[in-house]
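Engineer: Before I ask anything, let me first share the structure, which is written out below as structure tokens.
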Amino acid sequence: MIVYIYGGVSSGKSEYAEELISKSFENKIYLATMENTGSYAKQRIQKHLKQRADKNFFTVEEPRYLSNINIHSDNNILLEDLTNLLSNNIFDENGMKSDSKEITETIFSDIIELEKRCNSLFIVGNDIFSTKRNQSKELDMFIDCLFSLHQKIIDIADRVVEVIYGLPYDRK
């Protein structure tokens, strides 16, 4: 089962996703995709760990390769979040990759494989589709990749929820 929750920055989508998975499931894994580098990232990670300390999540940090995660069929995963995962896969130590189709196909394939290996997968994504295009080729590529992933996940998801100002709206 895949549940896709998306919304704008600070819309409440992450809190909603945590609440949704916590209401129904045990054996919860919080799959954190933020790169754990730099003081800003470390502060955000500590803030997030503190916020969900009493929600009984087991946290796994994996910024790029979902196939590296050791999970079991009874695990329920909250992938937080698709935007960080994409960013981490677009850029590497050599700079920006150029093949957007390969990037999105790899991430999507990893999501499909992850879902096959667990009980349920909740994915948090950002709605950045009102972002102006033609600001830079990098931003346009990012938007294109995120849009592609967004569409692919919606197509296979069992449930899709958009969160706007903390209010969930079922879209599928």
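Engineer: So, of the residues in segment 5-30 that are within 24 Å of PHE129 (Cα to Cα) and of a type outside the set (Gly, Ala, Ser), which turns out to be least open to solvent (accessible area, probe 1.4 Å)?
Structural biologist: Keep residues of segment 5-30 that are within 24 Å of PHE129 (Cα to Cα), which gives 5-18.
This time we only want the ones that are of a type outside the set (Gly, Ala, Ser), so: 5-6, 9, 13, 15-16, 18.
Values: ILE5: 0, TYR6: 24, VAL9: 120, LYS13: 16, GLU15: 102, TYR16: 36, GLU18: 17 Å².
The extreme case among them is ILE5.
Engineer: Looking only at segment 52-61, decide whether some residue is outside any strand (DSSP E or B), touching a helix residue (DSSP H, G or I) at 6+ places or on another chain (Cβ under 8 Å), surrounded by fewer than 17 Cβ atoms within 10 Å (Cβ to Cβ) and not small (Gly, Ala, Ser). I'd like the intermediate steps shown before the answer.
Structural biologist: Let us first name the residues in segment 52-61 that are outside any strand (DSSP E or B), namely 52-56.
The next check asks that each one be touching a helix residue (DSSP H, G or I) at 6+ places or on another chain (Cβ under 8 Å); those that pass are 52, 55-56.
Checking the rest, the ones that are also surrounded by fewer than 17 Cβ atoms within 10 Å (Cβ to Cβ) come to 55-56.
Checking which are not small (Gly, Ala, Ser) leaves us with 55-56.
Yes, because at least one residue in segment 52-61 is outside any strand (DSSP E or B), touching a helix residue (DSSP H, G or I) at 6+ places or on another chain (Cβ under 8 Å), surrounded by fewer than 17 Cβ atoms within 10 Å (Cβ to Cβ) and not small (Gly, Ala, Ser).
Engineer: Of all residues in segment 109-128, how many are farther than 19 Å from ILE29 by Cα and either in a helix (DSSP H, G or I) or in contact with a His (Cβ under 8 Å, 6 or more places away or on another chain) (or both)? If you could, list the steps in order and put the result at the bottom.
Structural biologist: Applying the first criterion (farther than 19 Å from ILE29 by Cα) to segment 109-128 yields 109, 126-128.
Within this subset, residues satisfying the condition of being either in a helix (DSSP H, G or I) or in contact with a His (Cβ under 8 Å, 6 or more places away or on another chain) (or both) are 109.
Final tally of qualifying residues: 1.
Engineer: Between a first residue in segment 1-30 that is over 21 Å from SER73 (Cβ atoms) and a second residue that is buried (at least 21 other Cβ atoms within 10 Å of the Cβ) and charged (D, E, K, R), which pairs have beta carbons less than 7 Å apart while being 6 or more apart in sequence or on different chains?
Structural biologist: ILE5/LYS13; TYR6/LYS13; GLY7/LYS13; SER14/GLU80
The rows are residues; the columns are (1) of a type outside the set (S, T, N, Q); (2) at pLDDT 90 or above; (3) over 26 Å from GLN151 (Cβ atoms).
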| position | (1), (2), (3) |
| --- | --- |
| ILE5 | yes, yes, no |
| ILE21 | yes, yes, no |
| LYS28 | yes, yes, yes |
| LYS47 | yes, no, yes |
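Quick grid of which residues meet (1) surrounded by 15 or more Cβ atoms within 10 Å (Cβ to Cβ); (2) not polar (S, T, N, Q):
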| residue | (1), (2) |
| --- | --- |
| ASN126 | yes, no |
| THR131 | no, no |
| SER136 | no, no |
| LEU139 | no, yes |
| SER148 | yes, no |
| LYS152 | yes, yes |
| ASP158 | no, yes |
| GLY166 | no, yes |
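The values are calculated or read from the model by the stated rules, or taken from the named source; none is laboratory data. Because the structure is a prediction, the values reported are computed rather than measured. Every residue, glycine as well, gets a Cβ built from its backbone with ideal geometry; the counts of neighbours run over all protein chains shown. In case anyone asks, the SASA skips ligands and DNA or RNA and just uses the protein heavy atoms, side chains included. Shrake-Rupley method; radii C 1.70, N 1.55, O 1.52, S 1.80 Å.
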